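The values are calculated or read from the model by the stated rules, or taken from the named source; none is laboratory data. Because the structure is predicted, anything quoted here is derived from the model rather than measured. Ideal geometry is used to build each Cβ from the backbone, glycine not excepted, and the neighbour counts take in all protein chains shown.
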Amino acid sequence: MNPKQLLSDDDAVSPVIGVILMVAITVILAAVIATFVLGLGDQVSNTAPQASFSFDYDASLSQDWDNGEDSGSVDGDGTLNITHDGGDSIEAGNLYIRGSQDDGAWGNDITDRDGDIQYDTKSEINAGRTLSVNVANSDTVRVVYEDPNGGSTATIGRWEGPEA
């Protein structure tokens, strides 16, 4: 075989590889454009925050906040302290307590012993923040995140009473 002929030979695989790369780039570009045109890109970014909550149930203390005093346990009622242990900070207006006697928005409807709202809707709920709600020992309480843009909800914490 003549070595000079090898060096001057222009036949190679590069045109085939070039065509494959152009087709692959076209397919990827079409997929990205279709994702945003069909609105699937918005759904990807609207995910629930990642946060962990702990629950501390005290059956010996039922809070009669309307009278500004603590009453003993009545009919299995007690107090559940819900604490944000870690993870993403969440705006209080997007967190809801479901399944307790104090159902409502974390930042709106639940009051402390003085009748004052514990958090307003713009409060940032981050690690260490606690909310106290009245519960029965047979309740199942969920901390629910509701997307501010509407449409989706996610349960990010759950407690079941001892008799649930």
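Things to note:
- Count of the range 139-152 residues which are surrounded by 12 or more Cβ atoms within 10 Å (Cβ to Cβ) and touching a residue at least 60 places away in the same chain (Cβ under 8 Å): 5
- Within the range 61-107, the residues that satisfy the criterion of being of a type in the set (G, A, S) and modelled with pLDDT under 75 are S62, G68, S71, G72, S73, G76, G104, A105, G107.
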